[in-house]
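Input: a single structure, listed below in structure tokens.
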Amino acid sequence: MKISIDTDEKRITINDGATTETLALYSMAGLEALTRTWIKVQWNQLNWRSLSWLGFPICQLSDDVLRLQEAIFRIAPDVIVETGVNQGGSAVFFASLCRLMGKGRVVSIDIHIPRAVREAVARCPFADLITLIEGDSTAPATVARVRELIGDNNKTFFFLDSDHSKAHVRNELEAYAGLVTAGSYIVAADGVMRNLHDTPLGLPEWRDDNPAAAAREFVSTHPEFIIETPGALFGQEYVVRELTYWPDAWILRKG
């Protein structure tokens, strides 16, 4: 694909080898066309590794983090369950929101949680709101423990950010679907992998082996769920749909 930008004529031309499309440069269509390429370059340059939350690496696109905050604020869950602890940034992010809202706690799962990460989380100001579980997120014992921690009549929100293979994400969706409360979400992060398969740091198999593929397959067999990105709290007309690492990620349990 070839993209030509003419700042004098204020237009962008896209040639995919079969068709040519010319868009106004200063238009939403022009911005989204540029964003599709920018996301790939930005991801490949590992800019997302430079972001942190209250001293913890968070390793997410900043726009996604703010949109996630909006969803948590709107839903006000009693329990946020995440798979994929990494360095603890998202657990601390979720817990800090719970503290600010005066409601909620976090259950964070990973197959291995290094001692240094456990100790850092334990020292953070929100440690009392975070429960760490070491184990396979799809193992029956882990799921049972999560169910026990959630308890009865609690509003839940799930965030899947561990092994991003289609098979694993699909297994996580099946394992936790029954624990998602109506009107809330189970988010399968990083479906952007499908668009990164041809980048220098990407892998060819990501084209089909990614969380977005798992999400689409899951909703096709679970009519109680739909893929529906939450609207912005303000200025929905200004939202750039392409500006995300999480396409097809927001799986809503119908209310």
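The values are calculated or read from the model by the stated rules, or taken from the named source; none is laboratory data. This structure is a prediction, so every number in the text was calculated from the model and none was measured. Neighbour counts run over all protein chains shown; Cβ positions are idealised from the backbone, glycine included.
For the subset of the range 176-196 comprising residues that are free of Cβ contacts under 8 Å to residues at least 60 places away in the same chain and buried (at least 21 other Cβ atoms within 10 Å of the Cβ), which member is nearest to the chain's Cα centre (by Cα)?
In this case the residue turns out to be ASP190.
Quick one: in the range 197-220, which of the residues that are in contact with a His (Cβ under 9 Å, 6 or more places away or on another chain) and not in a helix (DSSP H, G or I) is surrounded by the most Cβ atoms within 10 Å (Cβ to Cβ)? Break it down into steps so the answer makes sense when it comes.
Kept after step one, since they are in contact with a His (Cβ under 9 Å, 6 or more places away or on another chain), are these residues of the range 197-220: 203-211, 214.
After this cut, where a residue has to be not in a helix (DSSP H, G or I) as well, the list is 203, 208-210.
On the way: LEU203: 12, ASP208: 12, ASP209: 19, ASN210: 25.
Result: ASN210.
With over 16 Å from the mean Cα position of the chain (by Cα), modelled with pLDDT of 95 or more, assigned to a helix (DSSP H, G or I) and not polar (S, T, N, Q) as the only criterion, which of LEU23, LEU100, LEU68 stands out? Steps first, answer last, please.
On the way: LEU23 fails: assigned to a helix (DSSP H, G or I); LEU68 fails: over 16 Å from the mean Cα position of the chain (by Cα).
Sole residue among the options that is over 16 Å from the mean Cα position of the chain (by Cα), modelled with pLDDT of 95 or more, assigned to a helix (DSSP H, G or I) and not polar (S, T, N, Q): LEU100.
Can you name the condition, by its number, that GLU148 falls short on among (1) in contact (Cβ under 8 Å) with a residue 24 or more places away in the chain; (2) under 29 Å from LEU132 (Cβ atoms)?
Unmet for GLU148, out of (1) in contact (Cβ under 8 Å) with a residue 24 or more places away in the chain; (2) under 29 Å from LEU132 (Cβ atoms): (1).
Can you name every residue in the range 100-126 that is loosely packed, with under 15 Cβ neighbours inside 10 Å and either more than 19 Å from SER162 (Cα to Cα) or hydroxyl-bearing (Ser, Thr, Tyr) (or both)?
Within the range 100-126, LEU100, MET101, GLY102, LYS103, GLU119, ALA122, ARG123, PRO125 meet the criteria.
One residue is enough: does the range 144-162 have a residue meeting the conditions modelled with pLDDT of 95 or more, assigned to a helix (DSSP H, G or I) and hydroxyl-bearing (Ser, Thr, Tyr)?
The answer is no, given that none of the residues of the range 144-162 is modelled with pLDDT of 95 or more, assigned to a helix (DSSP H, G or I) and hydroxyl-bearing (Ser, Thr, Tyr).
Against the conditions (1) closer than 21 Å to GLN60 by Cα; (2) surrounded by 19 or more Cβ atoms within 10 Å (Cβ to Cβ), where does GLN87 fall short? Just the number, please.
The one condition GLN87 does not meet is (2).
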